[in-house]
1. Is it the case that some residue within the stretch 3-11 is closer than 30 Å to Leu187 by Cβ and either loosely packed, with under 15 Cβ neighbours inside 10 Å or not charged (D, E, K, R) (or both)?
2. Scan the stretch 164-192 for residues that are more than 14 Å from Ile84 (Cβ to Cβ) and in contact with a helix residue (DSSP H, G or I) (Cβ under 8 Å, 6 or more places away or on another chain) and jot them down.
3. Can you tell me which residues in the stretch 105-119 are open to solvent by less than 20 Å² (accessible area, probe 1.4 Å) and either farther than 20 Å from Leu144 by Cβ or in a helix (DSSP H, G or I) (or both)?
4. Quickly run through the stretch 164-198 and pick out the residues that are among the small types (Gly, Ala, Ser), more than 14 Å from Glu149 (Cα to Cα) and modelled with pLDDT of 95 or more.
5. Restricted to the stretch 12-33, and to residues that are in contact (Cβ under 8 Å) with a residue 40 or more places away in the chain and among the aliphatic types (A, V, I, L, M), which residue is farthest from Val117 (Cα to Cα)?
6. Give the residues of the stretch 91-135 that are under 17 Å from the mean Cα position of the chain (by Cα) and farther than 30 Å from Pro14 by Cα, sorted by residue number.
7. Report yes if some residue within the stretch 70-85 is part of a helix (DSSP H, G or I) and touching a residue at least 40 places away in the same chain (Cβ under 8 Å); otherwise report no.
8. Restricting to the stretch 137-150, and then to whatever is more than 18 Å from Ser190 (Cβ to Cβ) and without any contact (Cβ under 8 Å) to a residue 60 or more places away in the chain, can you tell me which residue is surrounded by the fewest Cβ atoms within 10 Å (Cβ to Cβ)?
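The values are calculated or read from the model by the stated rules, or taken from the named source; none is laboratory data. Keep in mind it's a predicted model, so treat the numbers as computed, not measured. Cβ sites come from the backbone with ideal geometry, for glycine too, and all protein chains shown count toward neighbours. Quick note on the areas: whole protein, heavy atoms, side chains included, nothing else; ligands and nucleic acids left out. Shrake-Rupley method; radii C 1.70, N 1.55, O 1.52, S 1.80 Å.
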Amino acid sequence: GMPLQAPLLQAFHPAVSAWFERTFPAPTEAQEQAWPAIRSGRNTLVAAPTGSGKTLTAFLSAIDALVREGLKHGLPDATQVVYISPLKALSNDIHLTLEAPLEGIRAELARQGLPDVTIRTAVRTGDTPQSERAALRRTPPHILVTTPESLYVLLGSDSGRAMLATARTVIVDEIHAVAGSKRGSHLTLSLERMEALCGRRLTRIGLSATQKPID
């Protein structure tokens, strides 16, 4: 069904939709339901089984916004998306998972004769070496991948606050792993602090495995 999936993908920049169609047979159910909500700036919780494309469900609208801004004005060195995972191992996975779409979309821009847009991602966890931390302070990534604990540390430093202040979207992964715990309450407080710092309503996207009961 080409005509069926076209309207959903038409909302993305042509380079983004062309890359998606080249890479996947069709959007997943999670993507079909979540993308319009995320695009309209609504806070969205995606509860879906593993393998349902949750990473792109969460990131593609934000990547699309970065591509459009990059083509229009060039991208400033400012963090726009903050991705938080309670699992440190996941932080590195996500970093790698994002490289493929970002490279693919760049290739698609070149194919369509459009200017290059380089979207940078970086990981900041308790394990991030000092040299990388210094590099992050000099050149903030467009997409920051971090943990609840490192977010808390960043909120307590001037350089961290400067990096977080430009954020527009915050993605919290594996939300079921923290929802009922002290760690989750702590993260909720950090998110409120971050929103106060940004001075605007952040689009919040939660990702969760299937839960029963969902409430």
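1. Of the stretch 3-11, the ones closer than 30 Å to Leu187 by Cβ are none.
Taking every residue of the stretch 3-11 in turn, none turns out to be closer than 30 Å to Leu187 by Cβ and either loosely packed, with under 15 Cβ neighbours inside 10 Å or not charged (D, E, K, R) (or both).
2. Ala165, Thr166, Arg168
3. Ile105, Glu108, Leu109
4. Selection gives Ala165, Ala167, Ala196.
5. The initial filter retains those residues of the stretch 12-33 that are in contact (Cβ under 8 Å) with a residue 40 or more places away in the chain, namely 12-16, 18-20, 22-23.
Still in the running and among the aliphatic types (A, V, I, L, M): 15-16, 18.
Details: Ala15: 11, Val16: 12, Ala18: 16 Å.
Per the criteria, the residue is Ala18.
6. Arg124, Thr125
7. Yes, because at least one residue in the stretch 70-85 is part of a helix (DSSP H, G or I) and touching a residue at least 40 places away in the same chain (Cβ under 8 Å).
8. Arg138
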